[in-house]
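Undergrad: My questions will all concern the structure given below.
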Amino acid sequence: MSRPGFVLSVDERTPPLLVHQGEGFRLERLPLGTNVIYPPDSLPGIRNLDAEIARAIHNPIGIEPLPELLKPGMRLTVVFDDLSLPLPPMQTPDVRQRVVEQVLELAARAGVDDVELIAANSLHRRMTPAELKRVVGERVFRSFFPDHLGNHDAEDRDNLVEIGKTEHGEVVELNRRAMESDLVVYVNITLTAMSGGPKSLSVGLASYRSLRHHHNVHTLRHSRSFNDPPNSAMHHSYERMKDLIGEHVKVFQIETTVNNDTFPSSMGFLNKREWEWNLADQAAYVAVKRGNELLPARARRKIWQSTLAPYGVTGVNAGVPSQVHPITLANVHRQQLTEVDGQADVAIFGLPYICPYNVNSIMNPILVMSLGLGYFFNLYKNKPIVRQGGTAIFYHPVPHEFHPVHHPSYIDFFDEILTESTDPVVLETKYEEQFATDPWYVQLYRKSYAYHGVHPFYMWYWGAHALEHLGEVIFVGGNRKTTARMGFKAASTLADALEIASHTVGRSPTITYQHTPPLVMADVR
Amino acid sequence: MGIRDEIQLLRHGRDWRGRSTVPRSADPYVLDDGEREFPTDWARTRPGRVARSVLQRGLLKPVTWSQTRPVVEGVEYLENLRGPVVFVANHSSHLDAPLIVGSVPRRFADKLAVGAAADYFFDARWRAVASALFFNTFPVERHGQRRLRSLAVELLDEGWSLLLFPEGTRSEDGWMSAFKSGTAQLCVSRGVPVVPIAIRGAYAAMPRGRNWPVPGRPRIAVRYGRPLIPVEGEGFRELRERMMRAVARLNSEEDLGWYGALRADADDTLPLPTRRQTAGSQAVPPPGWRRIWESTRPLEDRRRRRVWTW
């Protein structure tokens, strides 16, 4: 049995602990008494995954088995999570490929001809053919690309349909092909408690008109946290939309969860607790760290971006979204949840090289903000790990780098909008509409590989709750210019960061370090 | 950061094998399954006995006798004794067992098993193997939180003599403490004779915390007393009292002489350890540092003085 997560209290017997810092990592001697949240050990993966997928498909929850739903002449749409999941990308074969192949085999046997496969990329950039092939596999790709395998296009007016409004007046506008199908099969990977369930369709196949109802400052400030669906206003909105979708189309959702084997064996030490490192792990640490530092920036990024996680799959469940998702969430919690006693004055996070929006790309300052203040800060249940008015210390170099193809609107957002204000409400009311409807951004989103014009705003909103909650945000090793532009502070060392923080939290603050990745979600009591 | 600093940081708090100390809060809670009984039967097989005999006579006794100067008295009391007996001794040093094993008559030494604390001698495999090989130890539960099947009864029935230290642990200050009841219960129930042994000077020679005797071959007195045979109808408490008195008397022979110790016993002025120190009891041992002071006093050298020195 794998060990549960726990909170380490740093004492004089504690070796220096690993902290991720962008495309690199370091060892840090944390102050005595610092609490360190460790995730549960990686759970064992399912041995016979194909058999487990077959079991799930043939024994779904709240719906007939898939073979009974497949009829000749029907319109079948298979929707799957895009490349923002999982992180880092999974070693092939991707679990989505395994599931999709089994679904298509059943469809072929049932004589279904009209099959369409759509990546639920929402306002994310389109996936390249190579990326699509990686996810669905060679056979599926050859059989369906390019006519019947592609990305969702949230700006293709002809292929969007408004299916109605929720009782809160939220417009639900989704992909027409999916909504007019006889059956939608959704294949997802639930990496964090945020994704999956009602979010899959209502976000993945939505348009800006629909997304603005939950991707806004008000909702995100009331999502505490957005990784805890019952307490997340954003998820309440998804739920309402999901009910409407459920009335409109039959959805057969197949949800999968992965374990915490985040790094390949060559970097196995990143998956282990530091005092359990053997000589080989220590040698690997020195070799990888030195090699990483000596590499030119481009080569370093290429190597990090080609890192593939040897994830094991911890659960495959199928059925209607509302009934499958609780099981999926339980699986996620089993792998990630660690109980923490009380909030701290200072929270420390080591930000890694990857977030959902820079796969095969560059992590720009906005994405760093969204990863730190959005994703990592919100990896909690009940209460944030840091108290109201406390300080968050992030480790990241925050370089002033943007991917011109993938993130064009980010560049303008950073250079023109953030210089005006960093207040999410101001940004939302004054500038969002303009970016969302800019025809050039729309063009780049549809025809190039750019994130939608409004996406940087969403990234900023992602951190809205943290911005409101925190008294101070400090980046250790951060670029002074970029951090200052975003309204944060930069420090060269942890000691300096704590010195800066002493103005808000005093000289002897309580400190909690969230030791992630591998992902850990704090259940703060 | 240079590679040297990097490695220095990485090596911080790790030993040469790269193993780190485990933070206290990360120390795993180990459930005591009670099944961790270390097998010692092999030490009582014929090859085990031969090996032990060679090690005891060829290594243990020569080393002990070369590092200390034991004076053994009272072995003649064992002459007419047959069959399994239980040796009981005060315990103040790791030297106690080698001294007794090296001084008992050979017919007993060849069939002697030593009771050793399960939580100390049997918690690490190497220590368990070494002590079973050299002393034919068997695990004894001192605290009774785990009910380990006791081997003592079985061994007595098989004809093995036992060496037990009824105090249950080595003395902190060299003074004898009260005996636990287990040994007395065993002897009463099986009707086996008890041979009291007192060891003086072992604490001074090698107290707790030392793993080699102090230099200068200190004198150690090993005194055997007359066997105590449980009489009909005697309870274990009475026997325990007799054992304790006998060992205390042998112990004070060093200071009072044989007859003086007998008189002190008769007059009830022997310094007897009790579980509760009552205010009125006589010969209360001195408190605190004076106990250690007394027990580390070198024994008087009773060798004949040389008449001529030059």
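Undergrad: Quick check: the distance between the Cα centres of the stretch A:186-210 and the stretch A:315-377, to the nearest angstrom?
TA: Using only Cα atoms to place each centre, the spacing works out to 14 Å.
Undergrad: Something else about it: So how far, in whole Å, is the C-alpha centre of the stretch A:85-109 from the one of the stretch B:194-217?
TA: After rounding, the separation between the Cα centres reads 74 Å.
Undergrad: Pop a pseudo-label 7 angstrom from the Cα along the beta-carbon direction at both residue B:169 and residue B:190 and give the gap in nm to one decimal.
TA: Output for this residue pair reads 2.6 nm.
Undergrad: Moving on to the next point. Using the Cα atoms of the protein assembly as shown, I'd like the radius of gyration and the largest Cα-Cα distance, Dmax, both in angstrom.
TA: Spelled out, the Cα radius of gyration and Dmax of the protein assembly as shown are 38.5, 125 Å.
Undergrad: Listed highest first by mean packing, meaning other Cβ atoms within 10 Å per residue, what order do B:5-13, A:493-501 come in?
TA: A:493-501, B:5-13
Undergrad: Here's something else I'd like to know. Can you put A:449, A:380, B:29 in order, fewest other beta carbons within 10 Å first?
TA: B:29, A:449, A:380
Undergrad: Residue by residue through the stretch A:512-525, which ³J(HN,Hα) values in whole Hz follow from phi under the Karplus form 6.51 cos²θ - 1.76 cosθ + 1.60 (θ = phi - 60°), with glycine and proline marked x?
TA: Once rounded to whole Hz, the list reads 10, 10, 8, 7, 8, x, x, 5, 9, 10, 8, 9, 7, 9.
Undergrad: Here's a follow-up. Order of A:510, B:68, A:190 from fewest to most other C-beta atoms within 10 Å?
TA: A:510, B:68, A:190
Undergrad: So, one more: Report the relative contact order of chain A, percent, no decimals, based on alpha-carbon pairs under 8 angstrom and at least 6 residues apart.
TA: So the answer I get is 21 percent.
Undergrad: Let me ask something additional. Where the only charges are on Cβ atoms (+1 Lys, Arg; -1 Asp, Glu), what is the dipole of the protein assembly as shown about its Cα centre, to the nearest 20 debye?
TA: Using only the charged Cβ atoms, the result is roughly 4840 debye.
Undergrad: Tell me the label-point distance for the pair residue A:250, residue A:145, using the 7 Å Cα-to-Cβ offset, in nm and rounded to one decimal.
TA: Result: 3.1 nm between the two label points.
Undergrad: What ranking, highest mean first, results for peptides A:289-296, B:233-240, A:387-394, A:332-339 when packing means the other Cβ atoms within 10 Å averaged over each residue?
TA: Ranking, from highest mean packing down: A:387-394, A:332-339, B:233-240, A:289-296.
Undergrad: Contact order normalised by length for the stretch A:243-323, with contacts defined as Cα pairs under 8 Å and 6 or more residues apart; what percent is it?
TA: After rounding, I find 57 percent.
Undergrad: Ok, one more. What's the average, rounded to a whole number, of partner chain beta-carbon atoms within 10 Å of each residue's beta-carbon in A:19-29?
TA: 1
Undergrad: Per residue of B:15-25, count partner chain C-beta atoms within 10 Å of its C-beta, then hand back the mean as an integer.
TA: The shielding value for this peptide is 6.
Undergrad: Something else about it: I'd like to know which of B:296, B:135, A:521 lies farthest towards the positive end of the charge dipole of the protein assembly as shown, counting +1 on Cβ of Lys and Arg and -1 on Cβ of Asp and Glu.
TA: Positive-end residue among those listed: B:296.
Undergrad: Moving on. Counting only C-alpha contacts under 8 Å and six or more residues apart, can you give the relative contact order of the stretch A:268-392 as a whole percent?
TA: Relative CO of the stretch A:268-392 lands at 24 percent.
Undergrad: A further question on this structure: Nearest 0.05, what FRET efficiency do residue A:437 and residue A:29 give at R0 = 51 Å with Cβ-Cβ as r?
TA: 0.50
Undergrad: Using a 7 Å offset from the Cα along the Cα-to-Cβ direction at both residue A:405 and residue A:128, what is the distance between the two label points in nm, to one decimal?
TA: So the two model labels end up 0.5 nm from each other.
Undergrad: 222 nm [θ] for chain A, helices only, -39500 (n - 2.57) per DSSP H run of 4+, per residue, to 500?
TA: Result for chain A: -10000 deg cm²/dmol, rounded to the nearest 500.
Undergrad: Take the alpha-carbon centre of the stretch A:23-63, take the same for the stretch A:134-168, and report the distance between them in whole Å.
TA: 29 Å
Undergrad: Let me ask something else. On full extension of the chain, what length is gained from residue B:72 through residue B:290, given 0.36 nm per residue of separation minus the C-alpha to C-alpha distance?
TA: Result for the pair: 75.8 nm of gain on full extension.
Undergrad: Given a Förster radius of 41 Å and the C-beta distance between residue B:94 and residue A:286 as r, what FRET efficiency does 1/(1 + (r/R0)^6) yield to the nearest 0.05?
TA: 0.40
Values quoted throughout were computed directly from the atomic coordinates according to the rules given, and no laboratory measurement underlies them. Quick caveat, the model's predicted, so the values are computed rather than measured. Heads up, the Cβs are rebuilt from the backbone with ideal geometry, glycines too, and the neighbour counts pull from every protein chain shown.
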